[in-house]
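No lab work stands behind these numbers, since they all come straight from the coordinates. From a predicted model like this one, the values you see are computed outputs, not experimental measurements.
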Amino acid sequence: MSQHGFEVEGSETVYSGAILALRIDQVRMPGGSIARREVVEHDGAVAILAVDDADRIGLIRQYRHPVGVRMLELPAGLLDGPPEESPVAAAGRELFEETGFRADEWSLLIDIAASPGMTDEVIRVFVARGLTEVGRPVGADDEEADLTVEWVDSVTAAQQVMAGEITNATSAAAILAYRHVMSTGSPLRPADAPWPLKPAAFTARRS
C-alpha cells in the first residue's frame with residue numbers, strides 16, 4: 001500500500017526576516033481535504049559539545065530574550081555563514097567566538113529536529129575534543145557580550161538536565177546522548193556524515 005504524498009497545493013509567505021520566514025502551505029490530506037499548515041523556515045544551526053581531558057563539558061550562560069532568563073547551554077550558532085562554509089567549520093567558528101577555544105578532533109553526536117510540527121529547523125551537534133584555549137575574539141556585542149563560560153563535569157551536567165537546571169532542548173539531548181556514548185561505547189559518526197534533513201528553504205529564499 002502506497003503512502004499518501006501530502007502534496008502542497010498552494011503557499012503564501014506571511015513574513016520574511018533576518019533569521020526566519022513564516023509561510024502558510026495548503027496541504028492535501030488523506031481523503032482529499034486541504035489543511036492549512038504554518039511553517040517557520042530557518043537556516044538550521046550547529047551546536048558543540050566541547051569536552052576537555054577531564055571530561056568536563058564547556059557550557060555558556062547566555063540571556064535568551066523570548067524566555068527572559070540566562071540559560072546554561074552548549075555553544076551554538078546559525079548556519080548563516082558563506083555558502084562554502086561546511087557545518088563543522090561553522091561549529092569551529094562558533095566554538096571560538098563563544099568560548100575562545102579551538103578543537104583538533106570533531107565527531108558528529110546527534111541531529112535534532114527542533115520542533116518538526118512547526119519548523120524545518122534542524123540542529124547538528126558535534127563533539128569537539130583536543131581543545132586549545134586561544135581567547136575569545138574582541139568586540140563581542142549584544143547577548144554574546146554578556147555570556148560567561150562554565151566547565152561542568154559531564155555526569156554533573158546530566159544530573160542538571162534531569163533536575164531541570166539545563167532546559168535548552170538541544171543541550172539537554174546532547175548531554176544525555178554524550179553520557180550514553182560514554183557509558184556504552186557507542187561509536188560516533190564522522191563530522192561530515194550525510195545530513196538528509198539539513199534545512200534549505202530559508203537559504204534558498206535569501207539567495
Specify the angular offset, from 0 to 90 degrees and rounded to the nearest 10, of the alpha carbon long axis of helix 87-99 from the longest principal axis of the alpha carbons in the chain.
50 degrees
Stokes-Einstein translational diffusion, segment 83-130 - Kirkwood Rh over all Cα pairs, 0.890 mPa s, 25 °C, in µm²/s
206 µm²/s
Against the longest alpha carbon principal axis of the chain, how many degrees, from 0 to 90 and to the nearest 10, is the axis of helix 169-184 turned?
60 degrees
Please report the orientation-averaged projected area of segment 107-165, defined via the convex hull of its C-alpha atoms, in nm².
6.6 nm²
Hey, any idea what Rg/Rh is for segment 26-85, computing Rh the Kirkwood way over Cα pairs?
1.22
At 222 nm, what value in deg cm²/dmol follows for the chain if DSSP H runs of at least 4 each add -39500 (n - 2.57) and the sum is divided by all its residues, to the nearest 500?
-6500 deg cm²/dmol
In Å, descending, principal axis extents of the Cα set of the chain
58, 43, 35
